[in-house]
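The values are calculated or read from the model by the stated rules, or taken from the named source; none is laboratory data. This structure is a prediction, so every number in the text was calculated from the model and none was measured. Backbone-built Cβ (ideal geometry, glycine too); neighbour counts: all protein chains shown.
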Amino acid sequence: MVIAVDFDGTIVEHRYPEIGKEIPFATATLRQLIADGHEIILWTVREGELLNDAVEYCRKRGVTFFAVNRDFEEEDGSNSDFSRKIRADLFIDDRNIGGLPHWSTIYALINNGKTLEQHLIAQGTLPKPKRWWWPF
């Protein structure tokens, strides 16, 4: 699976342009996802030296990305078909509706192939809908 992951607010706390403290288990989870065979793309607004700092921060913690702000590392952006929009199977970002789940939950969702809703229903923290046609 190709997974695009944000940096600020997702791997580290928001302190842009500085690098905040690591969000607990972020790099450990990313290392495990890579070991499981997933391709991780760093997908961030950071550019230039700020981007290099983020990549180096992760590299020092054992996280080497498949690509950074592109679909694959060799992509150079010179092609007329180039789009900054990443083609990924999954996006991990603190700006999701509902915010960023704990990294252990993120790993469990990916590893078990479940949605967050399915996970919460299985845990008993979200009631199962009574009828498919009733929205509440």
Only one of (1) more than 16 Å from the chain's Cα centre (by Cα); (2) at pLDDT below 85 fails for residue 53. Which number is that? (2)
What's the number of the only condition in (1) modelled with pLDDT under 95; (2) among the aliphatic types (A, V, I, L, M); (3) more than 19 Å from residue 16 (Cβ to Cβ) that residue 35 fails to meet? (1)
Starting from residues that are β-branched (Val, Ile, Thr) and in a loop (DSSP other than H, G, I, E, B), keep the ones in segment 19-75 and report whichever is nearest to residue 105 (Cα to Cα). 23
One residue from 85, 60 being of a type in the set (Lys, Arg) and modelled with pLDDT of 95 or more: 60
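A quick yes/no check of all residues on (1) within 17 Å of residue 100 (Cα to Cα); (2) in contact with a strand residue (DSSP E or B) (Cβ under 8 Å, 6 or more places away or on another chain); (3) crowded, with 16+ Cβ neighbours inside 10 Å:
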| residue | (1), (2), (3) |
| --- | --- |
| 12 | yes, yes, yes |
| 29 | yes, no, yes |
| 37 | no, no, no |
| 43 | yes, yes, yes |
| 49 | no, no, no |
